[in-house]
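Asker: Following this message is one structure expressed as structure tokens.
Each reported figure results from applying straightforward, stated rules to the coordinates on display, with no laboratory input. The structure presented is a predicted model; accordingly, all values stated were derived computationally and were not measured. Here Cβ is always computed from backbone atoms with ideal geometry, including for glycine, and neighbour counts include all displayed protein chains.
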Amino acid sequence: MQPESAGTATTEIKAAPVRARFGSSEVPASRATQDRIDIPEFAAILEPDGEISPDRFLDRELSWLAFNARVLELAEDPDLYLLERVNFLSIFASNLDEFFMVRVAGLKRRIATGLAVPSPAGLSPVQVLEQIGEAAHRLQQRHAQVYAEQIRPALAYEHIHLMHWDELDDEARHRLSAMFAQKVFPILTPLAVDPAHPFPYISGLSLNLAVVVRNPVSDKELFARVKVPDQLPRLISIDGPRAGSVPGRVARFIALEEVIAVHLDQLFAGMEVLEHHTFRVTRNEDVEVEEDDAENLLQALEKELLRRRFGPPVRLEVTNDINPNIRALLIRELGVDESEVYSVPAPLDLRGLSVIGNIDRADLHYPKHVPHTSRYLNESETSKAANVFAAMRRRDILLHHPYDSFSTSVQAFLEQAAADPKVQAIKQTLYRTSGDSPIVDALIDAAEAGKQVLALVEIKARFDEQANISWARKLEQAGVHVVYGIVGLKTHCKLSLVVRQEVDGLRRYCHIGTGNYHPRTARYYEDLGLLTANEQVGEDLSKLFNQLSGYAPKSTFKRLLVAPRSVRSGLIERIEAEIRNARAGIPARVQIKVNSMVDESIIDSLYRASQAGVKVDVIVRGICSLRPGIPGLSENITVRSVLGRFLEHSRVFAFSNGGDPVVYIGSADMMHRNLDRRVEALVQLSGGEDTAYVLDLMRRYMDPETSSWHLDNDGEWTRHHIGDDGSKLDDVQSWLLASRSRQRAVVRR
């Protein structure tokens, strides 16, 4: 028996029908081809004309803003560690930037092209955009207020100060002026606006100074723009790089734009600087590549990335004190609408607070967490690392990151595979990974050792496109067979397949996860993964990789649900089985944990389950279009959200199944893009212990004594973190950290 071929190296993807890989039933031509819902089941919400009311859905864009409001609530929480609150302020700002760059930009594009199709919630794109504007303005004001009224005073109490120039002593000013002359002035480029100099292009997310100067000879006032360099730290430490790391010692910071502003006379020598104001532009930065017309996907994507920098503006941020004339000039020259202008107190762009959030003050951060090696891989009694293959032959190993170490499990699995002479082939999907990825290094090592190595690199992973292009080329140069997935679909599934020659023949070892193969994010993303040598799973992964790298349109799977063919239909079949059980008097329950719950067919099937008496629990981190608690429709559905130290990222689908629970984990969220336009994989757990662990985890997430946000049927999220007796409710992430520590103590004994 020969090892499986890993495919053929290629850098070109010719236009080909998507159906060639997945068959005619795999990719719906439109949402109209999705699973139909039996209309009579929804008699309680029928409109007079017999149509199902769109009121059963919450708008996805407004739901996303509600998610970011929950992030802001963490920044507002006085019981949270101060520098973690600072980080949540920074995360909120970064999240909102991406929302405007992608979601708002998409709405504006649809409006401009006349695609005024109402959303599933019944709102036109114009209505959605108007409601987004109202909500986003409120959130940005609240965000600025939290910084000014809560965070800045709290930092000052801890001797961490954000200073203004006029608050500094002469010695500090002298040092900053010297720093400006050496490190800042040489890279600044003032751009004048006059008949010989048109209004300059303002790059997306850049921070800028709008400067008004006067010519002392002609007495004429002129406008100029100075870009704040983004290659320098936004906040400058006045007292040295380690300032603030010692409790009680003063640490002072000043914004880079303020240092530039007080030295503007050096940029405009011979001119009188009259005034300056900061402003910032957000642009459409979503990437669109028509793959069917792209002879070379890498080259097409690289060209599109260049065009991204010149996308139309979707938001203009200015400070409250800006001169109205300068404000009007910016609106006119940038071509933005008044509703797209966001006036907030200085400073703009609070992403820069991450500099302070990263200060090494243990007393102001969460207690340090060191991930533990899974007890099934733990060989602490010996000096050598565990043999991952031997452990996988003994049993399936369910991993829960970041509580279980990524480096001693998934990373060790691939590194050992690369070094093992018995390993014949490695096949790997890469959606996002780090710049210094040991996963990529392991694949290169394996290829250089003569193994067959296939890497499916998803170069269209949003905002990681350039990095993934670089890694794709590096892998190809090392002899790895690199493919870019299927035309028309993103490959989002998280899969590793290792083929090893053993005494009794070839054996396949697999990893299927909910998170990316990214060692850094694995430290703070909550994810599940399965290491298994199960024959059925190995066979399924071989078929799936053959679809991804070759042509295998009629593949069927035993332990996997694979989008775009069978994730939606497979989950709905499971929900339907729970409905039948409930009607037969058998206890029935559906439990789902996802990042986003948007797909109408899945939501409608959950409504049907609720109407049949099935208990439905949904845990969602971000967007939720489902409305729980509506009498006659969803009174048996409960929706919770958990946010905290770690980013909840795992996807779980659990069904009572008449007393024999079925649990899937995998990469798919309940969104159209995941179910229709991405290759996703869910794997069914087989071990009773693994199933019990996940079910207990779901129970803890839904427990009334667990701190979480509760969604009501009007789309309002309410935080529940204080009990009726005034005590704090349990934090599920803290409980899991303590649980791993207890397990480690038992192993040591």
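Asker: I want to verify the translational diffusion coefficient of segment 645-749 in µm²/s; compute it with Stokes-Einstein, Rh as the Kirkwood radius over Cα pairs, at 20 °C and 1.002 mPa s.
Answerer: 130
Asker: Alpha carbons only, please: Rg and Dmax for segment 85-194, in angstrom.
Answerer: For segment 85-194, the Cα radius of gyration and maximum Cα-Cα distance read 21.2, 62 Å.
Asker: On alpha carbon coordinates alone, what is the Rg over Rh value for segment 517-580, Rh being the Kirkwood radius?
Answerer: Ratio of gyration radius to Kirkwood radius: 1.06.
Asker: Per the Kirkwood definition applied to all pairs of different Cα atoms, how many angstroms is the hydrodynamic radius of segment 198-257?
Answerer: After inverting the mean inverse Cα-Cα distance, the result is 14.7 Å.
Asker: Using only Cα atoms, figure out Rg for segment 490-629 and give it as a multiple of 2.2 N^0.38 Å.
Answerer: Compared with the compact-globule rule of thumb, segment 490-629 sits at 1.25.
Asker: Can I ask one more? So, in nm, how far is label A419 from label E573 when the simple model puts each one 7 Å beyond its Cα toward the Cβ?
Answerer: In this crude label model, A419 to E573 measures out at 4.3 nm.
Asker: So, one more: Which of A251, G122, N68 sits farthest toward the positive end of the charge dipole of segment 63-364, with +1 on the Cβ of Lys and Arg and -1 on the Cβ of Asp and Glu?
Answerer: Value: A251.
Asker: Once the Cβ-Cβ distance between S734 and V193 is put in as r, and R0 is 60 Å, what FRET efficiency do you end up with, to the nearest 0.05?
Answerer: Efficiency, from the Cβ-Cβ distance: 0.65.
Asker: Could you tally the net charge around E275, taking each other residue with its Cβ under 11 Å from the Cβ of E275, Lys/Arg +1 and Asp/Glu -1?
Answerer: On the way: positive: R214; negative: E221, E272, D321.
Within the 11 Å Cβ shell, the charges total -2.
Asker: Something else about it: Take each of the peptides 251-260, 474-483, average the number of other beta-carbon atoms within 10 Å over its residues, and list them starting from the highest.
Answerer: In decreasing order of mean packing, 251-260, 474-483 become 251-260, 474-483.
Asker: With unit charges on the beta carbon (Lys/Arg positive, Asp/Glu negative), name the residue among G632, A584, H672 whose Cα is farthest towards the positive pole of the charge dipole of segment 562-748.
Answerer: H672
Asker: At a Förster radius of 51 Å, what calculated FRET efficiency corresponds to the Cβ-Cβ distance of R473 and I331, to the nearest 0.05?
Answerer: After rounding to 0.05, the efficiency reads 0.75.
Asker: Same structure again: Quick check on segment 150-281: what are the equivalent-ellipsoid semi-axes from the Cα gyration tensor, as sqrt(5λ), descending, whole Å?
Answerer: 31, 16, 13
Asker: Let me ask something else. What's log10 of I(q)/I(0) for segment 562-748 at q = 0.08 Å⁻¹, Debye sum over Cα points only, no solvent?
Answerer: -0.26
Asker: Over segment 594-637, what per residue volume does the convex hull of the Cα atoms give, in whole Å³?
Answerer: 57
Asker: Would you mind calculating the gained length between S339 and V662 on full extension (0.36 nm times residue separation, minus the Cα-Cα distance), in nm to one decimal?
Answerer: Taking 0.36 nm per residue and subtracting the Cα distance, the gain is 111.3 nm.
Asker: Rounded to two decimals, what is the ratio between the C-alpha radius of gyration of segment 626-667 and 2.2 N^0.38 Å? The partial results should precede the final answer.
Answerer: Working: Rg = 13.9 Å, N = 42, 2.2 N^0.38 = 9.1 Å.
It is 1.52.
Asker: Also: Grab every C-alpha pair in segment 63-364, bin the distances at 20 angstrom width from 0 up to the longest one, and report whole percents.
Answerer: The percentages, shortest bin first, are 29, 56, 15, 0.
Asker: Please give the length that would be gained between K220 and S727 if that part of the chain were fully extended, namely 0.36 nm times their separation in residues minus their C-alpha to C-alpha distance (nm, one decimal).
Answerer: The span from K220 to S727 would gain 176.0 nm if fully extended.
Asker: Determine the sum of side-chain charges near F88: Lys and Arg each +1, Asp and Glu each -1, restricted to other residues whose C-beta is under 11 angstrom from that of F88.
Answerer: It works out to a net charge of -1.
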